[in-house]
Amino acid sequence: MVLAVSLLSTLLLLGLTTVNACPGDDSHSHSHSQIKRANPSSPVTPPSRPLVWGDVNVIHTTDTHGWLLGHQKASSPEPNYSGDFGDFASFVTHMKEIALQKDVDLLLVDTGDLHDGTGLSDGFPPGGLDGHDSNQFIKQLPYDVLSIGNHELSDGYAVALDMHTDFAPHWNGRYLSSNVNITVFDKAQNKVSVPVGERFVKFRTRKGRKVTSLGVLFDFTGNAPNTTVQKVEDMVKEAWFADAIKDAPDFFLLIGHMPVSRDNWPTVYNAVRAVHPTTPILIFGGHTHIRDCLQFDGRSMALESGRYMETVGWMSVKLDKHLIDSPSSTAPAKNLTFSRRYLDPNRVTYEFHTGRKMSTFDTPRGRDITQGLNGLAQRFDLSFQFGTAPHDFLLNRAPFPSNDSLLTLFIQEAAPVALAINNTRASIPNIMITNSGSQRFDVLAGPFTKNDQFTASPFSDAFLFIPNVPFSVGNSVLPALNHQGAQEKRRILEGREEEEYKRGYVDRRYMVWLEEMARREGAAEKRAAANLTLGYVTTDSCPGVGDDTIHTPLPFFSTPDFIGSVPPNVPTTTPIDLVFVDFIETQLLGILNSLQKTQNFTTADVKSYSPILANQVLGVFAQQAWN
């Protein structure tokens with residue numbers, strides 16, 4: 001049972017405080033222009049075919065990361081994802097009506113990471129909590145089950161506690177955290193570790209089908225103090241797990257913030273299959289931000305449905321007819337007929353699949369959610385405009401370095417300008433280095449707003465520096481970080497990807513997916529000749545075509561792990577400031593010490609370079625250069 005403890009009192013008792021408010025709350029004259037659109041900002045391609053309905057059907061969201069107002073920019077492919085959460089709510093309502101007409105089950109599930117990504121989740125004023133306000137709109141949809149994500153645990157104890165005391169209770173046992181606990185105080189003021197939500201839930205569908213559901217998080221190690229994440233391999237050995245799966249339901253609904261490929265879903269699946277060899281298993285994953293599907297056997301399917309409300313997942317299954325007609329039948333179990341689809345979340349898609357026109361699509365609840373989201377955007381001042389971006393600056397669709405590269409913009413233009421402001425060391429030659437993963441989303445042509453700053457550069461990394469580094473040494477650090485040095489230097493970073501993955505960083509897997517997609521579909525000329533709009537072109541392990549709308553893939557250019565400013569034109573022995581973000585401090589010190597033996601650099605040599613944080617750089621620069 002979820003403990004009914006006070007958020008404030010528990011924070012005080014554990015000696016913890018709320019997270020700091022995000023920067024960028026300058027009060028200048030500005031306007032609020034978050035306006036509900038009846039159509040996408042540019043024409044979009046409609047779906048290619050109707051959905052395949054079964055006896056049990058599921059709509060899936062995951063890794064929404066605060067993108068509840070949809071993608072509002074006109075640059076392609078953003079209009080594909082222009083539906084807001086009010087549009088999605090209307091879509092769900094109409095799909096529920098269709099399910100009633102067809103007399104089938106339709107479930108709605110979410111697999112976590114509601115926090116961190118846009119101003120709606122992150123742009124709260126002082127005294128607020130990341131995701132608290134935006135999560136109130138998630139509550140307004142009729143989700144059947146939801147599971148916790150790593151971002152619900154990585155923003156500090158206060159956010160995790162808010163999920164336990166405010167979000168989880170709303171779902172009456174349907175918010176699942178099978179292997180995730182939080183430490184709180186019981187009524188006797190003793191510390192106790194309890195699930196953030198519930199370990200599992202058993203329920204019946206509208207058609208009376210029995211369901212057993214669990215909600216699993218991958219082996220995450222970057223969780224906040226006073227929270228725990230049990231390894232998946234240990235979770236399946238627990239007595240409660242054995243008890244939860246002991247009785248056979250009509251189907252298992254296994255959800256979790258864990259990718260369906262290259263992770264621990266087989267561990268959970270095998271534990272269930274050992275007890276129930278033929279019971280249908282529906283699996284919904286998340287975390288790596290890709291579209292993916294596979295089947296562990298002919299009576300199961302596992303689906304992962306993208307990120308940032310760029311994908312709404314669909315799965316259907318036709319159950320054994322003999323079991324529907326006669327539940328006590330002993331006829332042998334055969335392969336089931338599954339289907340899956342990756343929908344582009346826009347009003348054209350939603351109207352196509354619901355058979356509604358623009359004039360009849362919006363429901364009262366959908367309108368209320370849209371209005372509420374726009375109100376929250378206004379309250380958080382997300383339309384505040386730093387300047388006007390002259391063209392698109394792209395994260396992966398432009399080569400680095402280039403004029404169209406966001407990474408070039410950030411480290412070679414914006415950081416040198418922003419960090420020089422009111423900085424007594426601005427006249428000293430420097431080299432600035434950051435990890436390319438510090439940038440998360442494109443900066444697109446037009447108004448560059450407070451919300452755009454959150455989406456493009458969300459991480460509040462501090463800029464540090466080491467003074468008096470010889471230029472020849474400092475200029476060798478970036479190539480060495482990018483594995484361009486000798487073999488012994490490369491070994492310093494051995495295992496970094498695995499460690500970063502455990503801490504929750506998924507950019508590498510998402511980028512590999514994009515790169516494979518672009519390479520698989522051929523050269524840019526071939527893509528242009530196809531006369532299709534840009535978007536995801538998915539190849540997964542399930543039969544048939546998964547994408548609901550047919551696109552040509554996004555161009556992709558690989559980028560280095562680390563990026564740097566343009567080196568100063570100085571003699572090799574000139575002492576410079578080596579500037580870097582705190583996130584890469586340990587790696588950089590190791591590289592620096594491997595490049596020279598004159599001095600052993602330690603954290604004692606590292607100083608603060610500027611009070612401006614990484615997530616403020618683009619806004620400061622835009623005010624200087626784009627007005």
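The values are calculated or read from the model by the stated rules, or taken from the named source; none is laboratory data. Everything quoted here is computed from the prediction, not taken from an experiment. Every residue, glycine as well, gets a Cβ built from its backbone with ideal geometry; the counts of neighbours run over all protein chains shown.
Some points to look at:
- Among the residues of the stretch 444-476, those that are under 24 Å from the mean Cα position of the chain (by Cα) and β-branched (Val, Ile, Thr) comprise Thr449, Thr455.
- If the condition is being closer than 15 Å to Asp452 by Cα, of a type in the set (Val, Ile, Thr) and part of a loop (DSSP other than H, G, I, E, B), then the stretch 387-439 contributes no residue at all.
- Selection from the stretch 150-194 of residues that are in a strand (DSSP E or B), out of contact with any helix residue (DSSP H, G or I) (no Cβ under 6 Å at 6 or more places or on another chain) and either surrounded by 24 or more Cβ atoms within 10 Å (Cβ to Cβ) or outside the structural domain of Ile138 (by TED's automatic domain parsing) (or both): Leu176, Val180
- Filtered residue count, the stretch 588-627, keeping only those that are touching a residue at least 60 places away in the same chain (Cβ under 8 Å) and touching a Leu at 6+ places or on another chain (Cβ under 9 Å): 16
- The residues in the stretch 226-257 that are under 12 Å from Ser177 (Cα atoms) and either modelled with pLDDT under 95 or not β-branched (Val, Ile, Thr) (or both) can be counted, and the count is 5.
- From the options Leu153, Leu129, Leu120, residue that is of a type in the set (A, V, I, L, M) and closer than 30 Å to Ala244 by Cβ: Leu153
- Gly208 satisfies every condition listed in (1) within 17 Å of Leu108 (Cα to Cα); (2) in a strand (DSSP E or B) except (2).
- Output for the stretch 429-466, where each listed residue is hydrophobic (A, V, I, L, M, F, W, C) and more than 16 Å from Val606 (Cβ to Cβ): Phe441, Val443, Leu444, Ala445, Phe448, Phe454, Ala456, Phe459
- Lone unmet requirement of (1) assigned by TED's automatic domain parsing to the domain that holds Gly131; (2) at pLDDT below 95 for Arg365: (2)
- Tyr143 passes every criterion in (1) in contact with a strand residue (DSSP E or B) (Cβ under 6 Å, 6 or more places away or on another chain); (2) under 21 Å from Ser121 (Cα atoms); (3) loosely packed, with under 15 Cβ neighbours inside 10 Å apart from (3).
- Flag for Phe465 being of a type in the set (Phe, Trp, Tyr) and touching a Lys or Arg at 6+ places or on another chain (Cβ under 8 Å): yes
- If you go through the stretch 99-118 and keep only what is of a type outside the set (Asp, Glu), under 28 Å from the mean Cα position of the chain (by Cα) and not in a loop (DSSP other than H, G, I, E, B), you end up with Leu106, Leu107, Leu108, Val109.
Yes or no, residue by residue, for (1) of a type in the set (Val, Ile, Thr); (2) surrounded by 16 or more Cβ atoms within 10 Å (Cβ to Cβ); (3) in contact with a Cys (Cβ under 6 Å, 6 or more places away or on another chain); (4) part of a loop (DSSP other than H, G, I, E, B):
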| residue | (1), (2), (3), (4) |
| --- | --- |
| Val216 | yes, yes, no, no |
| Thr221 | yes, no, no, yes |
| Pro225 | no, no, no, yes |
| Asp234 | no, no, no, no |
| Trp240 | no, no, no, no |
| Asp247 | no, no, no, yes |
| Phe252 | no, yes, no, no |
| Gly256 | no, yes, no, no |
| Arg262 | no, no, no, yes |
